[in-house]
Structure formats: structure tokens, C-alpha cells
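Here is the structure we will look at.
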Amino acid sequence: MEIIITPDYEQMSKTSAQIIAREIRKQHDLVLGLATGDTPVGTYKELAKTHKEEGLDFSKVTAFNLDEYVGLAPLHENSYNFFMEENLFKDINVNPENVYVPQGNTNDPEEFSQWYEKKIKEAGGLDLQVLGIGGDGHIGFNEPGSSFASRTRVKALEKQTIEDNSRFFEKEEDVPRFAITMGIGTILEAKKILLIANGENKANVCAQFIEGPVSSQITASALQLHSYVTVVLDEAAASKLKRKDYYNWVRDNKHLVQKKVGR
Ligand code: PGA
């Protein structure tokens, strides 16, 4: 895992957008996995800006979102379909035919999940998956206890996730109890992974998934099993890391590191 600690949310957003843009420039038909939540909003703004000012071209990119609430139609203002349209898709030139976000109001979530997996495979697999992290250590909606072999499926949400996400709804009772989410197994098959996190409230869970044991109780710790993960944090989210000096040395000596490990 490469850990990049940045001073604040703004820089975290810029750095992560640069990483995504670099991959798109290298491979125009990149298969890009995307995430929702407060964390990536700044990253998506930066990507939209790069598209507008530097012509970053999304026309051949295929996008797959991680998850969606069960029961919410794509036009529902709390749906992740709506979120993605508002926060990214409307501002870039991605082809709507190449955009996949799980459909929350499907009649048959199980069949839908299998179709979603098939679509990812047919696209050639995920090249780069962007992730946030939940307060309970989840990636996607893979709540504690999710199997590391899990595929796209319906998952019941943890109490903490429902509380955390209630800020987007009028009242807590309105937060859906279930979501369709890519599995940990699905995520781990991405060629590269970029996880971003900011804020003091993510400090404990970041220390746990980066430096703690691999455990299904913190599903983000499964990323320790992946060979190409970049984590971009702000200072607050990085504040409980024990090996900060090491990560910062590697970040500041990138020219030396690149020569040796080729990243
Ligand atoms: P957040 O959510 O970006 O709104 O903190 C992250 C997540 O739950 O994955």
C-alpha cells in the first residue's frame, strides 16, 4: 500500500483527481469504479475542472459505481444514481451508455447483482476502483463481517452506517436498510485501487485498516491483500497512523522510489 498524506481536504481531492486523470490519459478506455459520499465530492469537482480546462477525455471511459440503496429509484434525490449525475456525470463527457450504477428499485436484486458482475467482466474488469471508507471500516457497503470472497449482492446496513448516512435524509427512519453493493471479492479484482479519506472521524478506522490486522470486522483491511493500492488521506484522517514518518519519506522521495519499485 502506498500511503500519501496531504495537508487538507482540498489537497487530498487534487492528488486523488491527478491519480485518476493519469490513468485515463494512459488508457482512454479505462474501466473506472466510482464511489459516493462526502469524501469524493472534491475529487469529482477536480476531475470536472480537468475535463473543462485541460480536455481530459472521458468519452471512452466505462464507469461502474460501487453501490446503491435498495428501494430508491435512480431519480430519487437520495439515490447514488442521482448523486453521481449531480456530482460528476453531468460535468464530464462520459457516454451515458457506458455508465453503470446499481439499480436500487430493481424487482430482483439478486438477478440484477449477477447481471452487474457480468457487465464488469464483459468490460474487461475494473482497471481502477475508487473507494471511500465508512466509519465502521466498510468499503462499498460491505459491512463488518462481509466475506472477502463476496460478490455484488444485497447487504443489510449496520446501525452506524444508517446513523452516519441519516444526515442526507430528513429523518433516520428514511434511510434504507439495505443496499446493493459490489463485494469485497469484486473490488479486490480491480487492477488498481485508490482509497481516499478525510477528517478526524476517520482517523481510527484508517489506522485499523492500514496498520491493523486483516479482518472481516474492518472490511477495508482486505486491501492489504491487494498488490496495488494507493491511499490518499488528509492530516486529520492520518493522525492515528504509527508509521507516518515512513509514509512521508516515501512520498517525498518518490523519484528514488519510482526507480526502485516502478510506481
Ligand atoms: P463519506 O462515506 O464519504 O460520506 O464519509 C464514505 C463511505 O461510507 O464509504
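The values are calculated or read from the model by the stated rules, or taken from the named source; none is laboratory data. None of these values were measured; they are calculated from a predicted model. Reconstructed Cβ throughout: ideal geometry from the backbone, glycine too, with neighbour counts over all protein chains shown. We work out accessible area using only protein heavy atoms, side chains counted, and drop any ligands, DNA or RNA first. Shrake-Rupley method; radii C 1.70, N 1.55, O 1.52, S 1.80 Å.
Only one residue of ASN105, VAL94, TRP115 has its Cα farthest out toward the positive end of the dipole of region 64-142, where Lys and Arg carry +1 and Asp and Glu -1 on Cβ, and that residue is VAL94. How big is the dipole moment of region 2-255 about its Cα centre under a simple scheme where the beta carbon of each Lys and Arg is +1, that of each Asp and Glu is -1, and everything else is neutral? Debye, nearest 20, please. Its charge dipole is roughly 880 debye. Sites listed here are GluC sites (Glu not before Pro) in region 157-222 whose DSSP assignment is loop and whose Cβ has at most 11 other Cβ atoms within 10 Å: GLU170.
Put TYR246, TYR44 in order of accessible area, highest first, and with a 1.4 Å probe you get TYR246, TYR44.
Placing unit charges on each Cβ (+1 for Lys and Arg, -1 for Asp and Glu) gives region 1-138 a dipole about its Cα centre, and among THR36, ILE20, PHE83 the Cα reaching farthest toward its positive end belongs to ILE20. Using only side-chain charges placed at the Cβ, +1 for Lys and Arg and -1 for Asp and Glu, the dipole size of region 34-144 relative to its Cα centre rounds to 300 debye.
Loop-located GluC sites (Glu not before Pro) in region 33-97 (DSSP state other than H, G, I, E, B) with a sparse environment of at most 14 neighbouring Cβ atoms within 10 Å: GLU77. Would you please give the residues with an amide H less than 5 Å from that of LEU131, counting only those at least 5 places away or on a separate chain, with H modeled from the backbone geometry? Here LEU194, LEU195, ILE196 satisfy the definition. Assuming charge only on the beta carbon of Lys and Arg (+1) and of Asp and Glu (-1), the dipole of region 160-253 about its Cα centre is about 440 debye to the nearest 20. Size estimate for region 145-263 follows the Kirkwood approach: the inverse of mean 1/r over distinct Cα pairs works out to 16.3 Å. Ranking PHE169, PHE209 by solvent-accessible area of protein heavy atoms (1.4 Å probe, all protein chains present), from largest to smallest, gives PHE169, PHE209.
Between the alpha-carbon centres of region 9-24 and region 127-202 there is a gap of 21 Å. Residues ARG22, ARG153, ordered by accessible area of protein heavy atoms at a 1.4 angstrom probe radius and largest first, appear as ARG22, ARG153.
By the gyration tensor of its Cα atoms, with a ≥ b ≥ c the square roots of the eigenvalues, what is the shape of region 186-225: rounded for a/c under 1.5, prolate for a/b over b/c, or oblate? Note, shape of region 186-225 comes out oblate. In the full protein context, region 2-255 carries 45 Å² of accessible surface per residue, based on a 1.4 Å probe and ignoring ligands, DNA and RNA.
When the Cα gyration tensor is reduced to axis lengths a ≥ b ≥ c, the ratio a/c stays below 1.5 for region 2-255, which is therefore classed as rounded. Element breakdown for the chain at a 1.4 angstrom probe: carbon and sulfur atoms account for 49% of the accessible area.
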